[in-house]
1. How many residues does the range 52-68 hold that are under 22 Å from residue 12 (Cβ atoms) and either acidic (Asp, Glu) or without any contact (Cβ under 8 Å) to a residue 24 or more places away in the chain (or both)?
2. Which of the residues that make up the range 22-48 are assigned to a loop (DSSP other than H, G, I, E, B) and either open to solvent by less than 10 Å² (accessible area, probe 1.4 Å) or of a type outside the set (Gly, Ala, Ser) (or both)?
3. Give the residue, chosen from 73, 41, 6, 21, that is at negative phi and modelled with pLDDT under 85.
4. Only residues that are open to solvent by less than 30 Å² (accessible area, probe 1.4 Å) and of a type outside the set (Phe, Trp, Tyr): list them for the range 49-72, please.
5. Among the numbered criteria (1) touching a Phe, Trp or Tyr at 6+ places or on another chain (Cβ under 9 Å); (2) part of a strand (DSSP E or B); (3) at pLDDT 85 or above, which one does residue 51 miss?
Amino acid sequence: MKKIFVPISRNKYTEIELDKVLICISEGSYTRICFEDETTVLICRLLKELESILCPKDFFRVNLKYLINLNHVKSYSVGKKHMLFFPMNWFCHCPEEEKKILKKSWNLFLFMCET
């Protein structure tokens, strides 16, 4: 179980368990981290800063606003809009330009689950 410390204020950090993270949402200069137990924490870092320290085989930057944990995706809807669904009725749209990258990540993820 991998844990990291993230800043929640100028001099305060909190520990998070990465396997419990569902989705990270950009909120300007901050990032909201949403967990499987329905709690959230707002951290004082950009989403791209968080993305740079998270494991690329588990986390995927689906668009400018969302960084998702592939381990928590419950379903993937293919159609006019590609949608990813998570527990607690969370969902996000996957833009056309990210679709191929997501499919590659998803295939890798599915392969890893089968082994």
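The values are calculated or read from the model by the stated rules, or taken from the named source; none is laboratory data. In this text, all values refer to a predicted model and were calculated from it rather than measured experimentally. Every residue, glycine as well, gets a Cβ built from its backbone with ideal geometry; the counts of neighbours run over all protein chains shown. Areas reflect the complete protein model, heavy atoms only, side chains present, ligands, DNA and RNA absent. Shrake-Rupley method; radii C 1.70, N 1.55, O 1.52, S 1.80 Å.
1. Initially, the range 52-68 is screened for residues under 22 Å from residue 12 (Cβ atoms), giving 52-54.
Checking which are either acidic (Asp, Glu) or without any contact (Cβ under 8 Å) to a residue 24 or more places away in the chain (or both) leaves us with 52.
Within the range 52-68, residues that are under 22 Å from residue 12 (Cβ atoms) and either acidic (Asp, Glu) or without any contact (Cβ under 8 Å) to a residue 24 or more places away in the chain (or both) number 1.
2. Kept after step one, since they are assigned to a loop (DSSP other than H, G, I, E, B), are these residues of the range 22-48: 28-29, 36-39, 44-46.
Of everything in the range 22-48, those that are assigned to a loop (DSSP other than H, G, I, E, B) and either open to solvent by less than 10 Å² (accessible area, probe 1.4 Å) or of a type outside the set (Gly, Ala, Ser) (or both) turn out to be 36, 37, 38, 39, 44, 45, 46.
3. Working: 41 fails: modelled with pLDDT under 85; 6 fails: modelled with pLDDT under 85; 21 fails: modelled with pLDDT under 85.
Unique residue meeting the criteria: 73.
4. The first filter runs over the range 49-72 and keeps only residues open to solvent by less than 30 Å² (accessible area, probe 1.4 Å), leaving 50, 54, 59-60, 62, 67-70, 72.
If the condition is that a residue be open to solvent by less than 30 Å² (accessible area, probe 1.4 Å) and of a type outside the set (Phe, Trp, Tyr), then 50, 54, 62, 67, 68, 69, 70, 72 are the ones that fit.
5. Checking residue 51 against (1) touching a Phe, Trp or Tyr at 6+ places or on another chain (Cβ under 9 Å); (2) part of a strand (DSSP E or B); (3) at pLDDT 85 or above, the one that fails is (2).
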